[in-house]
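Step one of this worksheet: look at the structure below.
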Amino acid sequence: MTIIENLPSLFVSSASQGLLWSLLAIGVFLTFRILDIADLTAEGTFPLGGAVAATAIVNGLSPILATLLGFISGMIAGFISGILHTKLKIPALLAGIITMTGLYSINSRIMGAPNIPLLGQKNIFSWVNDFFVVEKVWAVVITGCIVLLLVILLLIFFFKTEIGLAIRATGDNPDMSEANGINTDTMKIIGYMISNGCIALAGSLLAQNNGFADLNSGVGTIVIGLASIIIAEVLFANKSFGIRLLTIVLGAIIYRFIIAIILEFPIDQNDLKLYSAIILVLCLTSPLLKNKLGRKRKKAHTTGGAK
Amino acid sequence: MKKRRWKTGLALLAGVALFGLSACKSTSNSSSNSKVKTIGVLQLVEHDSLDDAYKGFVAGLKENGYKEGDNLKLIFQNAQNNQDNLKSMSEKLVKEKPDLLLGIATPSAQSLLNETQTTPIVVTAVTDLKAAKLVQSDKKPGGNVTGTTDMVPIKQQIALLMSIVPKAKKVGIMYNSGEANSKIQAALAKKELQKAGVTVVEKTASTTNDVQQVTTSLANNTDAIYIPTDNTFASAASVVGEIAKEKKIPVITGSVGQTNDGGLATYGIDYRSLGKQTAKMAVKILKGKASPATMPVESSTDLQLVVNKEMAKALGIDPSSIKAPK
């Protein structure tokens, strides 16, 4: 079995997971790029979403309601980070770390155990599965697409409203926004809430896809979010808001695809994280390399001074 | 500019794909022999006990005539504690159409079962298979999963503790509350200690960074400490050992590795022999002699008393005075 033969199925599986992970990436994007805040709450809100959804499902709630509760729980966590950052004047990085740390215990309380198995339970995908009668991976793709479409449309709509525009203005230039009568603190808090809601939504969907929610599943999630955003930005630059959200989805899929391909190598298993790190460095430095190469070419082509 | 961005991205992907192509040539030649059995292994994180379980599994297969590169193909995946990788890894392993899967530690086992309900799966280093929904019951698993539990004989371990410090009034239990296995064991140990009439003080640490303070705090306030088989405390066993020596406090651990690295004694399981035991179950399945649905979950048959002699001397205890509990 060669990797080339595997590529189609690798891509489908990466797409199914990437679609779900992209919700996390969109969440991270909202704070990181729109509000210009580095928010690390993600590593706590991601397992929070899983914890809430799993607990709800195990207690007999419908998977859709459970997923929705996951989203809401993330918004509450985001609200706390937002308050810590804006009202209590704690630097954004620390505020995120504080909430993330606190959430570890809260998640543990919610779950009542470090791991909740969802094997054999009804989940949001099985519902689609029954309805459309397709292979499981396609059920995930369909569900993922529906949820993403909903989220992206809502976000596009929201960021065109007065509040949405005020949030974007706050991220672009807080001083100017404040001078124009925008309550920047409130805008930031709303941004935090939507962002972490999306991240927890990703957590609740992925727990259902993975068959369990685990207290330690948040480790490394912020990296996945950032990597997806950067990959999207390397490939597609300067797009409008809506298109950017779509490119992030592609970024998340590509990231999972890269990981899936790394797994196909007969690499020493202890080196997995090193390879992931190298791929990330490649992604992150490619804009720089491209700029340098681009400038050289420009210089060679134009006689006048390029910028 | 747009085009160049595309090119960079494509070049990146092409590079990865090419590397993949060159890499796969070396591995694609072994499946031609139809007698070769393929086993996919998914391990959560590298860690002494889990590594030992895997080594024991491979050794056990070898003893039963399955040798890697000869008539056995092992595909090993280790998530390095990033749970987001477990799903991709399980999919990859199932895609290889293995004859058997091995899941080491609870999340890996759950992840494999989520991926296939047909391929036989054996698991090890899982404390409670039923609670993890891997099996319907330990006696009759009912599905495609069976294996060995690493549940330690907590009753005997507490008996061992009480035989070393019979006058203990306060005993500490420390573990990482984020680990499912530890939590179950800690609760059982607490029950046993309370039955023995001592006061229990529980302290938890969520990372190895907190181990030093937790240990110091307990060592100052208790007569002895019990640590279940816990990944976090196993990783920081030497830190525990240093404090135990300094404060002259006996530490009874859940696993042999922990005792060797910084405990006083344990009556417990050896993960290597647990791995071997798991291999025996795997062999039965590979040979078609049994199916997971009807193979009861096994617990370790190889219990042993292990005493850390250096620690005993440091605490002023004669190692030979420590006897295995009945």
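The values are calculated or read from the model by the stated rules, or taken from the named source; none is laboratory data. Computed from a prediction, not measured in an experiment: that's the story for all the values here. Positions of Cβ are generated from backbone atoms using ideal geometry, with glycine treated the same way; all protein chains shown enter the neighbour counts. The protein model used for the area step is the full one, side chains on, heavy atoms only, and it has no ligands, DNA or RNA in it. Shrake-Rupley method; radii C 1.70, N 1.55, O 1.52, S 1.80 Å.
Of note:
- Overall form of region A:1-301 per C-alpha gyration tensor (a/c, 1.5; a/b vs b/c): oblate
- Within the listed set B:221, B:231, B:308, the residue fluctuating most in the Gaussian network model of chain B (springs between alpha-carbon atoms under 10 angstrom) is B:221.
- Under 5 Å from the amide H of residue A:118 lie the amide H atoms of A:212, A:213, each residue being 5 or more positions distant or on a separate chain, with H modelled from the backbone and absent for Pro and chain starts.
- Derived scalar couplings ³J(HN,Hα) [region B:170-183; Karplus, 6.51 cos²θ - 1.76 cosθ + 1.60; whole Hz; x for Gly, Pro]: 10, 10, x, 10, 10, 6, 9, 5, x, 9, 3, 4, 5, 4
- When Rg and Dmax are taken over the Cα atoms of region B:214-294, they come to 17.6, 56 Å.
- Residue-averaged beta-carbon neighbours from other chains (10 angstrom radius) around A:205-213: 4
- Derived scalar couplings between HN and Hα for region B:150-156 equal 9, 4, 8, x, 4, 4, 5 Hz in order, rounded to whole Hz, by the Karplus curve 6.51 cos²θ - 1.76 cosθ + 1.60 (θ = phi - 60°), x for Gly and Pro.
- Region B:71-81 - phi-based ³J(HN,Hα) in whole Hz, Karplus 6.51/-1.76/1.60, Gly and Pro as x: 10, 9, 10, 9, 10, 10, 10, 10, 6, 6, 6
- Shape category assigned to region A:62-174 from the gyration tensor of Cα positions, a/c cut at 1.5: oblate
- Out of every Cα-Cα pair that the protein assembly as shown contains, those further apart than 37 angstrom amount to 41 percent.
- Taking 29 Å as the limit for the C-alpha separation, the pairs A:122/B:155; A:273/B:73; B:167/B:309; B:183/B:289 exceed it in the case of A:122/B:155; B:183/B:289.
- Spin-label pair residue B:247-residue A:135: with each label point 7 Å from Cα along the Cα-Cβ axis, the two points sit 5.6 nm from one another.
- Rolling a 1.4 Å probe across all protein chains gives residue B:68 an accessible area of roughly 110 Å².
- Whether region B:149-214 is rounded, prolate or oblate, judged on the alpha carbon gyration tensor where a/c under 1.5 counts as rounded: oblate
- Ordering A:257-270, B:146-159 by mean Cβ neighbour count within 10 Å, with the highest value first, yields B:146-159, A:257-270.
- Inter-chain Cβ neighbour average for residues B:174-183, partner chain, 10 Å: 4
- Peptides B:101-110, B:201-210, A:68-77 ranked from most to least packed give B:101-110, A:68-77, B:201-210, packing being the mean of other C-beta atoms within 10 angstrom over each peptide's residues.
- Averaged over A:112-122, number of beta-carbon atoms from partner chains that fall within 10 Å: 6
- Area accessible to solvent at residue B:255, 1.4 Å probe radius, in Å²: 0
- For the peptides A:40-48, A:156-164, B:178-186, the ranking by packing is A:40-48, B:178-186, A:156-164, with the highest mean count of neighbouring Cβ atoms within 10 Å listed first.
- Chain A - percent relative contact order, Cα under 8 Å, separation 6 or more: 34
- Here the calculated FRET efficiency for residue B:216 and residue B:136, from their Cβ-Cβ distance with R0 = 41 Å, stands at 0.40, rounded to the nearest 0.05.
- Evaluated over the Cα positions of region B:207-258, the convex hull gives a direction-averaged projected area, one quarter of its surface, of 3.0 nm².
- Rounded FRET efficiency, nearest 0.05, which uses the C-beta distance separating residue A:178 from residue A:270 and R0 of 41 Å: 0.20
- Taking a straight Cα-Cα cut-off under 27 Å and skipping sequence neighbours fewer than 8 places away in the same chain, the lysines within cross-link reach of residue A:87 are A:160, A:188.
- Whole-number percent relative contact order across region B:31-117, with pairs defined as alpha carbons under 8 Å at least 6 apart: 46
- For the pair residue B:202 and residue A:186, a Förster radius of 51 Å applied to the C-beta separation gives a FRET efficiency near 0.75, rounded to the nearest 0.05.
- Cα-based Rg / Dmax (Å) for chain B: 22.5, 78
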